[in-house]
Amino acid sequence: MKIAAIIPARKGSKRIKNKNRLLIEGKPMIGLVAEILEQAQIFEQVFLSTDDAVLKKEYQDTLTVLSRPKALADDHSTAIDMLRYHQANELKHFDLICLIFAHAVNINYKDIVEAISKFKKSPSNRLMSICKLPVPLEWTYKINKESLDPHFPNAELIRSQDLGSCYFDAGQFYLFKSTWFEKCELHPIAWHELKPLQSVDLDEPEDLEIMKLFYRMNNAI
């Protein structure tokens with residue numbers, strides 16, 4: 001089975017400027033993810049999809065750099081749009097593709113290996129990294145102007161042990177079999193559960209400080 005990994009890293013991040021060029025403990029964030037993929041010793045090729053000339057130059061000797069079309073580098077295109085484009089043009093001969101984000105610095109290579117091993121045996125064509133919510137979904141609220149409104153009225157009267165666990169998309173990595181691209185159906189989906197210290201997404205400036213803290217904690221264990 002031919003397996004590839006691809007790291008999307010567009011230039012035009014708005015909320016965190018030059019997000020994909022960030023350093024974590026003095027090391028380039030993309031470089032840390034590339035090291036994790038190399039440690040897994042399971043990928044035939046690792047690609048970087050970017051429209052950033054700085055990143056293209058920095059990684060041209062260590063990763064296979066793919067030029068990300070302008071139409072797929074704006075605020076409206078998705079990572080799946082980007083992946084479908086590259087799969088059709090450069091990655092079509094791979095049986096399995098790992099889409100992993102530049103902020104996935106808290107993933108252990110063993111997670112990747114375990115997820116791929118599980119995924120190979122799964123009838124699903126897509127796998128998602130997930131993490132468990134610290135509270136039941138029924139205990140969540142939304143802020144509506146000056147009001148704190150429950151998503152599930154009166155659910156706070158139910159004991160947590162009487163409510164089921166709930167999981168969210170951790171946003172760290174996804175796996176796709178080549179057959180997924182025939183119909184691009186999001187479900188059914190396989191999963192790999194991550195620990196809370198591995199699941200920080202990088203959307204807001206405060207997320208960066210949490211991710212750095214988790215990185216230090218994970219590497220101190």
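The values are calculated or read from the model by the stated rules, or taken from the named source; none is laboratory data. These numbers were taken from a predicted model, which means no experiment stands behind them. FYI the Cβ positions are ideal-geometry reconstructions off the backbone, even for glycines, and counts take in every protein chain you see. Note: areas computed on protein heavy atoms with side chains; ligands, DNA, RNA excluded. Shrake-Rupley method; radii C 1.70, N 1.55, O 1.52, S 1.80 Å.
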Checklist entry - Residue check: is V113 hydrophobic (A, V, I, L, M, F, W, C) and surrounded by 14 or more Cβ atoms within 10 Å (Cβ to Cβ)? => result yes
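So how many residues does segment 183-215 have that are of a type in the set (V, I, T) and either open to solvent by less than 50 Å² (accessible area, probe 1.4 Å) or in contact (Cβ under 8 Å) with a residue 40 or more places away in the chain (or both)? Please lay out each step first, then the result.
Start the filter on segment 183-215 by keeping residues that are of a type in the set (V, I, T), which leaves 189, 200, 210.
Going one step further and asking which of them are either open to solvent by less than 50 Å² (accessible area, probe 1.4 Å) or in contact (Cβ under 8 Å) with a residue 40 or more places away in the chain (or both), we end up with 189, 200.
Final tally of qualifying residues: 2.
A quick yes/no check of all residues on (1) closer than 12 Å to H103 by Cα; (2) in a strand (DSSP E or B); (3) not polar (S, T, N, Q):
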| site | (1), (2), (3) |
| --- | --- |
| R10 | no, no, yes |
| K14 | no, no, yes |
| G31 | yes, no, yes |
| L37 | no, no, yes |
| F43 | no, no, yes |
| V46 | no, yes, yes |
| S49 | no, yes, no |
| K57 | no, no, yes |
| D61 | no, no, yes |
Checklist entry - Restricting attention to segment 9-16, does a residue exist that is of a type in the set (D, E, K, R) and either surrounded by 20 or more Cβ atoms within 10 Å (Cβ to Cβ) or under 15 Å from I107 (Cβ atoms) (or both)? => result yes
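I need a count of the residues in segment 63-89 that are among the acidic types (D, E), outside any loop (DSSP other than H, G, I, E, B) and out of contact with any Leu (no Cβ under 6 Å at 6 or more places or on another chain). Before you say what the answer is, go through the steps one by one.
Quick first cut of segment 63-89, residues among the acidic types (D, E) only: 74-75, 81.
From what is left, the residues that are outside any loop (DSSP other than H, G, I, E, B) are 81.
Next, from what is left, pick out any that are out of contact with any Leu (no Cβ under 6 Å at 6 or more places or on another chain): none.
Number satisfying all stated conditions: 0.
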Checklist entry - Out of the residues in segment 60-79 that are among the charged types (D, E, K, R) and at pLDDT 90 or above, which is farthest from the chain's Cα centre (by Cα)? => result D61
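Please specify each residue of segment 164-175 satisfying the condition of being modelled with pLDDT of 90 or more and not in a strand (DSSP E or B).
Hits for segment 164-175 are S165, C166.
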Checklist entry - Yes or no: K92 of a type in the set (D, E, K, R) and either more than 20 Å from L48 (Cα to Cα) or part of a strand (DSSP E or B) (or both)? => result no
Checklist outcome for this item: Those residues of segment 28-41 that are touching a residue at least 60 places away in the same chain (Cβ under 8 Å) and open to solvent by less than 50 Å² (accessible area, probe 1.4 Å) come to a total of 7
Checklist entry - Can you name the residue in segment 160-182 that is within 23 Å of V113 (Cβ to Cβ) and among the charged types (D, E, K, R) and, of all such residues, is surrounded by the most Cβ atoms within 10 Å (Cβ to Cβ)? => result K177
Checklist outcome for this item: Considering segment 121-154, residues that are of a type in the set (S, T, N, Q) and either in contact (Cβ under 8 Å) with a residue 12 or more places away in the chain or in a helix (DSSP H, G or I) (or both), and then whichever is most open to solvent (accessible area, probe 1.4 Å), we arrive at N125
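Answer yes if at least one residue in segment 178-189 is in a helix (DSSP H, G or I) and touching a Cys at 6+ places or on another chain (Cβ under 9 Å), and no otherwise. Break it down into steps so the answer makes sense when it comes.
Restricting attention to segment 178-189, the residues satisfying the condition of being in a helix (DSSP H, G or I) are 180-183.
In the following step, the residues that additionally are touching a Cys at 6+ places or on another chain (Cβ under 9 Å) were identified as none.
No, because not a single residue in segment 178-189 is in a helix (DSSP H, G or I) and touching a Cys at 6+ places or on another chain (Cβ under 9 Å).
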Item to check | Answer from D52, D95, D61 - the residue that is among the acidic types (D, E) and open to solvent by less than 50 Å² (accessible area, probe 1.4 Å) | outcome: D52
